[in-house]
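Participant: Structure below; questions to follow.
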Number of protein chains: 2
Amino acid sequence: MASRDDILAAATRHLNVDPRASMAVLATAAGVGRATLHRHFASREDLLHELGTRSLDRWEASLDAADADGAATSGDPERILACLRDLLSRFLADSDDFGFALTDSYLLGADDLLARSDRLVEREVLLYAAAQATGILRADVPPRWLGHAVYGLLVAAREAVRDGDVARRDLDTVVLSQFLEGGGAR
Amino acid sequence: MASRDDILAAATRHLNVDPRASMAVLATAAGVGRATLHRHFASREDLLHELGTRSLDRWEASLDAADADGAATSGDPERILACLRDLLSRFLADSDDFGFALTDSYLLGADDLLARSDRLVEREVLLYAAAQATGILRADVPPRWLGHAVYGLLVAAREAVRDGDVARRDLDTVVLSQFLEGGGAR
DNA sequence: TCCATATGAGACAGTTATGTCTCATATGAG
DNA sequence: CTCATATGAGACATAACTGTCTCATATGGA
């Protein structure tokens with residue numbers, strides 16, 4: 001019997017391939033009848049909203065687990081750097097599952113998700129700003145730019161793995177060093 | 001009177017905001033009747049296909065204008081670096097207009113566009129490989145990864161400008177140095 | 001002015017997805 | 001075994017979009 005979580009997992013997997021999949025398709029993908037799908041999620045919007053909520057949950061959990069706030073206020077360069085590494089690794093792990101949420105646009109439609117997303121961005125940017133203040137990250141760009149750069153590299157990472165251009169096991173190293181040191185030769 | 005190009009421009013602008021906009025909405029956005037829109041583009045697929053073709057045209061034109069092939073085969077480090085700078089700047093200029101094509105998935109549906117896209121990627125990757133061979137770009141990552149990284153940073157750039165986090169006039173510098181030198185402090 | 005052409009408004013049928021509903025069946029606890 | 005519950009199949013009405021068509025009108029050149 002497919003649980004609510006099973007359905008969400010299948011929907012995520014399928015929406016990664018085809019973001020416009022219909023409820024009927026998503027039901028089939030989850031091995032569930034269309035009626036059952038509607039019993040769990042009253043409308044398509046409900047389903048997407050829950051998917052959005054869960055991806056924000058994961059994002060928030062990563063910030064918590066890496067103790068981004070603690071690192072940001074610590075003023076300790078090494079701790080901040082370790083936090084950045086940890087955070088990026090967690091983001092990469094999640095981007096496998098929630099990749100489509102990165103680029104899909106339905107998230108921008110829900111005001112509550114958007115507001116929550118803004119708050120998470122804020123927390124993350126505080127970490128970047130602290131990293132700039134302690135000499136870990138360059139200070140000649142806006143801290144928010146660094147957030148966008150991380151986001152862009154997550155998109156790049158997802159595509160690179162999907163196309164088989166970077167092995168999953170190398171991903172953390174490649175993305176982290178691309179973010180910190182860039183693509184220029186040493 | 002709205003020309004075919006005017007309609008395409010309006011459609012691009014509008015699809016950037018709402019990738020799922022209907023033909024009726026796109027017609028209104030272009031200040032044109034729905035019938036007229038269908039006279040120019042027999043189907044929605046036709047419209048999207050032409051949009052995809054034009055974005056690939058721009059991409060190809062950038063590779064041509066920067067003489068990516070010539071630089072790649074020249075073996076001249078300075079020329080390759082200059083070409084990279086030029087190319088990135090051109091990509092950034094285009095990403096304003098064709099931004100939605102970066103992340104939207106309809107492009108992947110059309111085989112001919114996909115094949116053409118693959119050929120352009122190939123040309124671009126040859127440049128990255130040449131840059132690695134001449135010590136411009138780091139050689140410890142796959143050249144294709146560098147292509148993905150550029151793509152990701154273009155996505156980041158679009159979002160950063162849209163959110164007002166980076167001024168358009170600073171974009172070239174910020175993105176180029178993020179790509180080459182990364183976000184780590186010097 | 002006259003006429004060819006392009007346009008906008010809108011009707012129309014066909015298709016697809018949505019959300020609700022019913023009913024027969026399967027499953028699992030007691 | 002019995003029964004309550006969850007499920008799958010599918011009917012149904014509704015809504016939205018698509019692509020085609022007609023017709024009245026506007027525009028611009030001869």
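The values are calculated or read from the model by the stated rules, or taken from the named source; none is laboratory data. All values reported here derive from a predicted model rather than from experimental measurement. In this analysis, Cβ positions are derived from the backbone assuming ideal geometry, glycine residues included, and neighbour counts consider all displayed protein chains.
Participant: Which one of these is among the aliphatic types (A, V, I, L, M), within 13 Å of DNA strand C (Cβ to nearest atom) and either in contact (Cβ under 8 Å) with a residue 40 or more places away in the chain or within 20 Å of residue A:118 (Cα to Cα) (or both): A:72, A:11?
Facilitator: Numbers: A:72 fails: within 13 Å of DNA strand C (Cβ to nearest atom).
After applying the criteria, what remains is A:11.
This table checks each residue for (1) out of contact with any strand residue (DSSP E or B) (no Cβ under 9 Å at 6 or more places or on another chain); (2) at negative phi; (3) among the aliphatic types (A, V, I, L, M).
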| position | (1), (2), (3) |
| --- | --- |
| A:14 | yes, yes, no |
| A:19 | yes, yes, no |
| A:31 | yes, no, no |
| A:41 | yes, yes, no |
| A:45 | yes, yes, no |
| A:50 | yes, yes, no |
| A:55 | yes, yes, no |
| A:61 | yes, yes, yes |
| A:65 | yes, yes, yes |
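Participant: Condition test on residue B:69, is it in a helix (DSSP H, G or I), out of contact with any helix residue (DSSP H, G or I) (no Cβ under 7 Å at 6 or more places or on another chain) and either more than 14 Å from DNA strand D (Cβ to nearest atom) or away from chain A (no Cβ under 14 Å) (or both)? Even if it seems obvious, please write down each step before you answer.
Facilitator: On the way: in a helix (DSSP H, G or I): yes; out of contact with any helix residue (DSSP H, G or I) (no Cβ under 7 Å at 6 or more places or on another chain): no; either more than 14 Å from DNA strand D (Cβ to nearest atom) or away from chain A (no Cβ under 14 Å) (or both): yes.
Here the answer is no, as residue B:69 does not meet what is asked.
Participant: Which is more than 19 Å from the chain's Cα centre (by Cα), over 22 Å from residue B:50 (Cβ atoms) and part of a helix (DSSP H, G or I), of B:78, B:159? First the steps, then the outcome.
Facilitator: Details: B:159 fails: more than 19 Å from the chain's Cα centre (by Cα).
Residue meeting the stated conditions: B:78.
Participant: On to the next question. Give me the pairs: first residue in the range B:42-61 and in contact (Cβ under 8 Å) with a residue 12 or more places away in the chain, second residue outside any helix (DSSP H, G or I) and surrounded by 15 or more Cβ atoms within 10 Å (Cβ to Cβ), beta-carbon distance under 7 Å, and six or more apart or on different chains, which are they?
Facilitator: Pairs that qualify, where the first residue is in contact (Cβ under 8 Å) with a residue 12 or more places away in the chain and the partner is outside any helix (DSSP H, G or I) and surrounded by 15 or more Cβ atoms within 10 Å (Cβ to Cβ), are B:47/B:41; B:49/B:110; B:50/B:41; B:52/B:110.
Participant: Of the residues B:169, B:158, only one is closer than 23 Å to residue B:98 by Cβ, buried (at least 19 other Cβ atoms within 10 Å of the Cβ) and charged (D, E, K, R); which?
Facilitator: Values: B:169 fails: buried (at least 19 other Cβ atoms within 10 Å of the Cβ).
Being closer than 23 Å to residue B:98 by Cβ, buried (at least 19 other Cβ atoms within 10 Å of the Cβ) and charged (D, E, K, R) holds for just one of B:169, B:158, which is B:158.
Participant: Among A:117, A:95, A:105, which is the only one that is of a type in the set (Ser, Thr, Tyr) and at pLDDT 90 or above?
Facilitator: Working: A:95 fails: at pLDDT 90 or above; A:105 fails: at pLDDT 90 or above.
Exactly one of A:117, A:95, A:105 is of a type in the set (Ser, Thr, Tyr) and at pLDDT 90 or above, namely A:117.
Participant: Give the range A:140-150 a look and list any residue that's more than 7 Å from chain B (Cβ to nearest Cβ) and more than 19 Å from the chain's Cα centre (by Cα), or say none.
Facilitator: Initial filter on the range A:140-150 (more than 7 Å from chain B (Cβ to nearest Cβ)): A:140, A:143, A:147, A:150.
Selection gives A:140 alone.
Participant: May I ask you to say which residue of A:120, A:127, A:113, A:81 is touching a residue at least 24 places away in the same chain (Cβ under 8 Å) and in contact with a Cys (Cβ under 8 Å, 6 or more places away or on another chain)? It would help to see each step written out before you state the result.
Facilitator: Values: A:120 fails: in contact with a Cys (Cβ under 8 Å, 6 or more places away or on another chain); A:113 fails: in contact with a Cys (Cβ under 8 Å, 6 or more places away or on another chain); A:81 fails: in contact with a Cys (Cβ under 8 Å, 6 or more places away or on another chain).
Just one listed residue meets the conditions, A:127.
Participant: Give me a count of the residues in the range A:151-186 that are more than 8 Å from chain B (Cβ to nearest Cβ), within 16 Å of residue A:87 (Cβ to Cβ) and in contact with a helix residue (DSSP H, G or I) (Cβ under 7 Å, 6 or more places away or on another chain).
Facilitator: Filtering the range A:151-186 for residues more than 8 Å from chain B (Cβ to nearest Cβ) gives A:158, A:161-162, A:164, A:167-173, A:175-176.
Now restrict to residues that are within 16 Å of residue A:87 (Cβ to Cβ): A:171-173, A:175-176.
With in contact with a helix residue (DSSP H, G or I) (Cβ under 7 Å, 6 or more places away or on another chain) added as a condition, the list becomes A:171-172, A:175-176.
Result for the range A:151-186: 4.
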